[in-house]
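*Asks:* This structure is in structure tokens; I'll ask about it shortly.
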Amino acid sequence: MTSEQGVIRMAQMTDKSSKTDGRGTAVPRRWLLLALSAVGVTGLAAPTAGKAGENTNQLSSTGPGEFDRPLNFVVHDTPAPVQELQFADGEGKPRSLADFRGKVVLLNVWATWCLPCRKEMPTLDRLQEALGGDQFEVVALSIDRGGADAVRKFYTEIGIRHLAIHVDASGRGGVALTTYGLPTTLLIDAEGRELGRLIGPAEWDAPDMVAFLKSVIDKEGERLAAPRNKETPL
């Protein structure tokens, strides 16, 4: 059973019978899931994540002709479709993932009340500073019910300068993306397809992570620049 399936199984079990604490008090399902999000879900990271004590940021080859990736980053064999998300920017204007077509996107679903999210946010900010541009963008999507004001206050407190504000106060985006906890980060290609994901926090500006993302950006650029194969007439 995978880690993600384990979380689903726990949720299903708590639907059928209440969990209890040491005093016999029932613990509702919603609090179980909230607890998982609040402390982060590093343990749910990829099935390929290293064992305790190992460096999970080291690189591992994914096969001939493919780019290397950090061990805790799950890369799909083939790109997967991503549901079109609707959210708002810092000014309250409607935005969607379609606005970022043509770029590789690192979509990070987070919230200001999630401690691991707060810890990794400066590394995402530095990543955007280093790689952000015409070919790549970090899209930090907050699910705070407090909206843009809550995110803006947090950004100011910790000195975030390079990340734009994006908010889905409804939380529907996380459901559509099948996220099991926060933070969850999707790597999306220039055509809006999911290349892979990482569940739990990460050091996004670590040298191996930056090298991995650069390789993805370069390969996407080469793919988009290559002439399309014309259909061969019968």
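*Asks:* What is the calculated FRET efficiency for residue 149 to residue 176, with r their C-beta to C-beta distance and R₀ = 30 Å, to the nearest 0.05? Walk me through the numbers before you get to the answer.
*Replies:* On the way: r = 24 Å, r/R0 = 0.80.
The pair residue 149/residue 176 has a calculated efficiency of 0.80.
*Asks:* Set the Förster distance to 35 Å, then compute FRET efficiency between residue 156 and residue 83 from the Cβ-Cβ distance, nearest 0.05.
*Replies:* On the way: r = 32 Å, r/R0 = 0.90.
Here the calculated transfer efficiency is 0.65.
*Asks:* How far is it, in nm, from the label point at residue 98 to the one at residue 206 when both lie 7 Å from their Cα along the line to the Cβ?
*Replies:* The modelled label-to-label distance comes out at 3.7 nm.
*Asks:* Sticking with this structure for a sec: Taking H placed 1.01 Å from N in the peptide plane, check which residues at least 5 places from residue 165 or on another chain put their amide H under 5 Å from its amide H.
*Replies:* So residue 165 has HN proximity to 90.
*Asks:* Could you pull out every residue, at least 5 positions away or on a different chain, whose amide H is within less than 5 Å of the one on residue 139? Hs are placed 1.01 Å off N in the peptide plane, and Pro or chain starts have none.
*Replies:* Result for residue 139 returns 106, 107, 108.
*Asks:* With r defined as the distance between the Cβ atoms of residue 218 and residue 119 and R0 fixed at 22 Å, what FRET efficiency is calculated, to the nearest 0.05? Show your work: numbers first, answer last.
*Replies:* Working: r = 29 Å, r/R0 = 1.32.
After rounding, the FRET efficiency stands at 0.15.
Each reported figure results from applying straightforward, stated rules to the coordinates on display, with no laboratory input. Keep in mind that this is a model prediction, so the values were computed, not measured. Positions of Cβ are generated from backbone atoms using ideal geometry, with glycine treated the same way; all protein chains shown enter the neighbour counts.
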